[in-house]
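Colleague: Sharing a structure below in structure tokens format, with a few things to ask.
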Amino acid sequence: MATHQRSHHLHAHDAHGDGDHESIHDHGGHPGHHRGHHDGSHGHEDMLEVEEAFARILAHFSPLDSVELSVLECLGLALAEDIMSPLDLPPLANSAMDGYAVLHDDIAGANDTPTTLSVISAVAAGQVSEDTVSPGKAIRIMTGAPVPNGADTVVPFEETDELERRGRGEALDEIAIRKALPLGSNVRPAGEDVTAGELVLPAGTVVRAAEAGVMASLGLTTARVIRRPVVAVLSTGDELTPAGKTLAPGHIYDSNSSSVAAAVIAAGGVPRVIGIARDTLEDLHRCIDEAADADLLVTSAGVSKGDYDMVKDVLEQRGDMNFWSVRMRPAKPLAFGLLRGEQDRPLPLLGLPGNPVSALLAFEMFGRPAIRRMLGRHLLARPMVEGVLTGPIFNSDGRRVYARVEVEHRDGTWFANPTGPQGSNILTSLSRANGLAICPADLRRKEAGQAVKIIMLDWNEEVAQ
């Protein structure tokens, strides 16, 4: 659709069709193709605030149905039902130390005079002793082994003369206890962690390594979890060429399919890359048909109010669509609606701008939260911190600016360093960013040294150091 002056992933020449052409380092921007009120400088009265667009979109999403998966396959997914313990954990009282199982009364005076006990047997982890500890007796015990009948305390090897006896080559049929320990020392009671019938993991819990371990400790091999949403990803435009193919004159490589699909994976979804829809009614319908059984269809390009693209016409033919301008930079144009799907099941469609940064930012603000809601997550937003801006952010047209920044944590303070030119075609500036610094819509600029709120795109060990 290059003949219609549509905007798409223009790395070499940005058509700026989504009105996001201005750099935070430029006061006036640089030339682009403008279309009436769509040029980013007029028409604010019909713009949606970010929060309103978010609410309208998220109102159409809820947790998906559940599937039963192996415990390891549940990693990162939310439990669809409560997990109750079928047993006590541990099932039997066991030793927390290598040592000797004894009666507490026998060692009460060991601090003054070592107490010598007869060693009647030994028990290792995985064994159950058939012997009973009676007065004057002890059983050698290893960590994790069930505490023998009669015993109520475990004395560690270090508090006995076992090493000396071994050094002298003596048999361990007796042992001297050198320290009086409190009753119950080093004994883990049965059910100390979990009791039979107890609610262990409530529905909605996201399975991490610890939860996988808990389920395995209860003897569970599977669990019911909310399934991952299938997200169809579709780019549109005759000017696009798939990566790996020869690039014809006037064409550009399709970056949005890869970046949006990667963002879907990172959010917890399963991408189904449809590919590129060409600028014909037949191909657009064909590609939408391929996505009919998905949980969400994400398209890029062709949703700006000023576009002459047939994308909007096809979408409106297939369902109830809305085409919005959102008061944000980048990613002003946005589409959302419900397409007629299989068996009367509506297919939500999120239409992203074409420029690569705009597409990813719009997905970050609206697509990622929708996926998280379908996954049954309660926290939909990224973490946010307040830091200090190290370079200016310019805001020329009264939209909320999400500036790409590299976030550093030094001497207890977060610093937001702008990553360079902020045009919506400069995808490398987003690749260098791990956060988004916010300039409110009512501020013309934010200066270096001012406090700024930062959305953390990547919260990892490197950032936190």
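Colleague: Between the alpha-carbon centers of the stretch 234-277 and the stretch 399-424, tell me the distance in whole angstrom.
Modeller: Centre-to-centre (Cα) distance: 27 Å.
Colleague: Now, a different point. Which distance in nm do the two modelled labels at THR390 and GLU170 give, with both placed 7 Å along the Cα-to-Cβ direction?
Modeller: The answer from the label model is 6.8 nm.
Colleague: For the pair ASP193 and HIS409, how long in nm is the line joining their label points, each one 7 Å along Cα→Cβ?
Modeller: 3.0 nm
Colleague: Moving on. Compute the Kirkwood hydrodynamic radius of the stretch 63-133, taking the inverse of the mean of 1/r over all pairs of distinct Cα atoms, and give it in Å to one decimal.
Modeller: Details: mean 1/r = 0.0572 Å⁻¹.
Final number for the Kirkwood radius of the stretch 63-133 is 17.5 Å.
Colleague: Could I ask something else about it? Quick one: if you stick a label point 7 Å off each Cα along the C-beta vector at LYS179 and ALA108, how many nm between them?
Modeller: 2.1 nm
Colleague: Let me ask something else. What lysines does LYS332 reach when the alpha-carbon gap must be under 23 Å and sequence neighbours fewer than 8 apart in one chain are set aside?
Modeller: List returned: LYS305, LYS312, LYS446, LYS453.
Colleague: Using a 1.4 angstrom probe on the protein heavy atoms only, line up ASP238, ASP397 by accessible area, largest first.
Modeller: The most accessible residue leads, giving ASP238, ASP397.
Colleague: I've got another one for you. Summarise the accessible area of the stretch 189-346 (1.4 Å probe, protein heavy atoms) by the percent that is carbon and sulfur.
Modeller: Numbers: 3590 of 6620 Å².
So the carbon and sulfur contribution to the accessible surface is 54 percent.
Colleague: Please give the solvent-accessible surface of HIS251 in Å², to the nearest 10, using a probe radius of 1.4 Å with every protein chain present.
Modeller: Taking all protein chains as shown, HIS251 has close to 60 Å².
Colleague: Taking the Cα atoms of the stretch 329-383, report the difference between the largest and smallest coordinate on each principal axis, in whole Å and largest first.
Modeller: If we take the Cα atoms of the stretch 329-383, the spans are 37, 28, 13 Å.
Colleague: Using +1 on the beta carbon of Lys and Arg, -1 on that of Asp and Glu, and nothing else charged, what's the dipole of the chain about the Cα centre, debye to 20?
Modeller: Using only the charged Cβ atoms, the result is roughly 1280 debye.
Colleague: While we're here: Run the numbers for GLU49 and THR246: contour at 0.36 nm per residue of separation, minus the present Cα-Cα distance, in nm. Please report the intermediate quantities before stating the final value.
Modeller: Numbers: separation 197, 0.36 × 197 = 70.92 nm, distance 4.13 nm.
My answer for the length gained is 66.8 nm.
Colleague: Further question: With a 1.4 Å probe and every protein chain kept in, tell me what percent of the accessible surface of the stretch 42-130 is carbon plus sulfur.
Modeller: 54 percent
Colleague: Could you state the principal axis extents of the C-alpha atoms in the chain, from the largest down, to the nearest angstrom?
Modeller: That works out to 97, 56, 43 Å along the principal axes.
Colleague: Not counting ligands, DNA or RNA, and with a 1.4 Å probe, what is TYR253's accessible surface area in Å² rounded to the nearest 10?
Modeller: Its heavy atoms expose roughly 90 Å² to the probe.
Colleague: Another question about this same structure. Using a 1.4 angstrom probe, figure out how much accessible area the chain has per residue, in square angstrom, rounded to the nearest whole.
Modeller: On a per-residue basis, 44 Å².
Colleague: Sticking with this one: In what sequence, highest mean first, do 176-185, 286-295 appear when ranked by Cβ atoms within 10 angstrom?
Modeller: Final packing ranking: 286-295, 176-185.
Colleague: Given a Förster distance of 22 Å, report the FRET efficiency between VAL270 and LEU218 from their Cβ-Cβ distance, rounded to the nearest 0.05.
Modeller: After rounding, the FRET efficiency stands at 0.20.
Colleague: Right, next: What FRET efficiency, computed as 1/(1 + (r/R0)^6) with R0 = 41 Å and r the Cβ-Cβ distance, is obtained for LEU281 and ALA59, rounded to the nearest 0.05? Don't skip to the end; give the middle numbers.
Modeller: Working: r = 30 Å, r/R0 = 0.74.
My answer for the efficiency is 0.85.
Colleague: Right, next: Take every DSSP beta bridge whose two residues both sit in the chain, then give the antiparallel share in percent to the nearest 5.
Modeller: Here the share of antiparallel DSSP bridges comes out near 65 percent.
Colleague: Please give the solvent-accessible surface of GLU49 in Å², to the nearest 10, using a probe radius of 1.4 Å with every protein chain present.
Modeller: 70 Å²
Colleague: Can you give me the Cα centroid spacing of the stretch 149-169 and the stretch 335-388 in angstrom?
Modeller: Result: 63 Å between the Cα centres.
Colleague: Pairs of Cα atoms under 8 Å, at least six residues apart: use those to get the relative contact order of the chain, whole percent.
Modeller: Answer for the chain is 19 percent.
Colleague: Kindly state, to the nearest 0.05, the FRET efficiency for THR132 paired with LYS453, given R0 = 60 Å and r defined as their beta-carbon distance. Let's see the in-between values first.
Modeller: Numbers: r = 67 Å, r/R0 = 1.11.
After rounding to 0.05, the efficiency reads 0.35.
Colleague: Which lysines have a Cα less than 30 Å from the Cα of LYS179, not counting those fewer than 8 places away in the same chain?
Modeller: Of all the lysines, those that pass the test against LYS179 - Cα under 30 Å, at least 8 places apart if same chain - are LYS137.
Colleague: Additional query: Loop-only chymotrypsin sites (Phe, Trp or Tyr not before Pro) in the stretch 398-465, please: DSSP not H, G, I, E or B, and at most 16 other Cβ atoms within 10 Å.
Modeller: Filter output for the stretch 398-465: TRP459.
The values are calculated or read from the model by the stated rules, or taken from the named source; none is laboratory data. Please read these numbers as outputs of a predicted model, since none were measured by experiment. All Cβ positions, glycine included, derive from the backbone under ideal geometry; neighbour counts span all protein chains shown. In case anyone asks, the SASA skips ligands and DNA or RNA and just uses the protein heavy atoms, side chains included. Shrake-Rupley method; radii C 1.70, N 1.55, O 1.52, S 1.80 Å.
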